[in-house]
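Remarks on the structure that follows.
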Amino acid sequence: LTMSQLRRLFAHDWGSALALLWRAGAGAVLLWALVSVPVGLVLYFALKPLFRRLLARRVVVTE
């Protein structure tokens, strides 16, 4: 939606404009929740060995 489309929607019908924005927001939150879990798991397992190596180097340096 562009700003001009939103202005036109709010000028003609507040209820449908708010309903449209509510559905768009709810859809964005749902999509974020569905995508963030797999991405978080992939990042966790991909970066875990790297962080273990960094932590091992740090322990060796501090001793």
Cα-based equivalent ellipsoid of the range 1-60: semi-axis lengths in Å, sorted from largest, via gyration tensor: 47, 12, 7
Apportionment of accessible area to carbon and sulfur, the chain, percent (1.4 Å): 73
Inter-probe distance in nm under a simple model that places probes 7 Å from Cα toward Cβ, at VAL42 and LEU21: 3.3
Residue-normalised accessible area of the chain, expressed per residue, 1.4 Å probe, Å²: 91
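The values are calculated or read from the model by the stated rules, or taken from the named source; none is laboratory data. Keep in mind that what you see is a predicted model, and the values were worked out from it rather than measured. Neighbour counts are summed over all protein chains in view; Cβ atoms, including those assigned to glycine, are modelled from backbone coordinates with ideal geometry. The accessibility values were calculated without ligands, DNA or RNA, using every heavy atom of the protein model including side chains. Shrake-Rupley method; radii C 1.70, N 1.55, O 1.52, S 1.80 Å.
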